[in-house]
Amino acid sequence: MILYLAHHGEAVGPDVDARRPLSPHGRTAVERLAGDAAARGAKPAVVWHSGKLRAKQTAEAFWRACNALAEMAAVRDLQPDDPPQWFADRLRGETRDVLVAGHFPHLPRLLSLLTRRDEAEAPFPPHGVVALVTDDEGDTWSELWRLGVSG
């Protein structure tokens, strides 16, 4: 099972729009990043997001680029301050490849928990994506690759 952790793209400030959609630069960067992930073979069967607009827009870009036949839904346990263990528990026994579009500080904490590495040792790329793999139903995870946003 492969898990793709994607930090939402750059969003506009709450003073511009309280819903915080992706900025034009953020949308372009996410589309480029999703294309790069697809070129690396990313093809999730499921795309989950937090329900916040910027995460949903990021999820949609990956869904379009990587697998438009994937199931896509907003799910619980992906809010910025949710304990990462909640989502790690949800992944136990999951057999489908999953892409998650979420937020800081949740994603760096989840990455650290799954890989058993300190956040400072392998920092999550802001507005980037990290691919992890498990072959033991989520007991242990290792990093396959990571992509960051440039420009």
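Here are some notes:
- Filtered by the rule that a residue be farther than 19 Å from P14 by Cβ and of a type in the set (V, I, T), the stretch 48-105 gives V75, T95, V98, V100.
- Any pair with Cβ under 8 angstrom, 6 or more apart, that starts in the stretch 63-75 at a residue that is farther than 20 Å from L91 by Cα and ends at one that is part of a helix (DSSP H, G or I) and open to solvent by 50 Å² or more (accessible area, probe 1.4 Å): A65/E31
- Scanning the stretch 109-130 for residues that are surrounded by fewer than 21 Cβ atoms within 10 Å (Cβ to Cβ) and closer than 22 Å to R90 by Cα turns up R109, S112, L113, T115, R116, R117, D118, E119.
- Positions within the stretch 12-26 being part of a helix (DSSP H, G or I) and either over 25 Å from V98 (Cα atoms) or open to solvent by 90 Å² or more (accessible area, probe 1.4 Å) (or both), in sequence order: P24, H25
- Candidates A38, A34, filtered to the one that is in contact with a Cys (Cβ under 8 Å, 6 or more places away or on another chain) and open to solvent by 10 Å² or more (accessible area, probe 1.4 Å): A38
- Neighbours by Cβ (under 9 Å, 6+ apart or cross-chain): first from the stretch 8-32, among the charged types (D, E, K, R); second at pLDDT below 95: E10/V149; R32/V149; R32/S150; R32/G151
- Taken together, R54, R76, R90, R96 contain a single residue that is under 20 Å from L144 (Cα atoms) and open to solvent by 20 Å² or more (accessible area, probe 1.4 Å), which is R96.
The values are calculated or read from the model by the stated rules, or taken from the named source; none is laboratory data. Everything quoted here is computed from the prediction, not taken from an experiment. Cβ coordinates were reconstructed from backbone atoms using ideal geometry, including for glycine residues, and neighbour counts include every protein chain displayed. Surface areas here come from the heavy atoms of the whole protein model, side chains and all, with no ligands, DNA or RNA. Shrake-Rupley method; radii C 1.70, N 1.55, O 1.52, S 1.80 Å.
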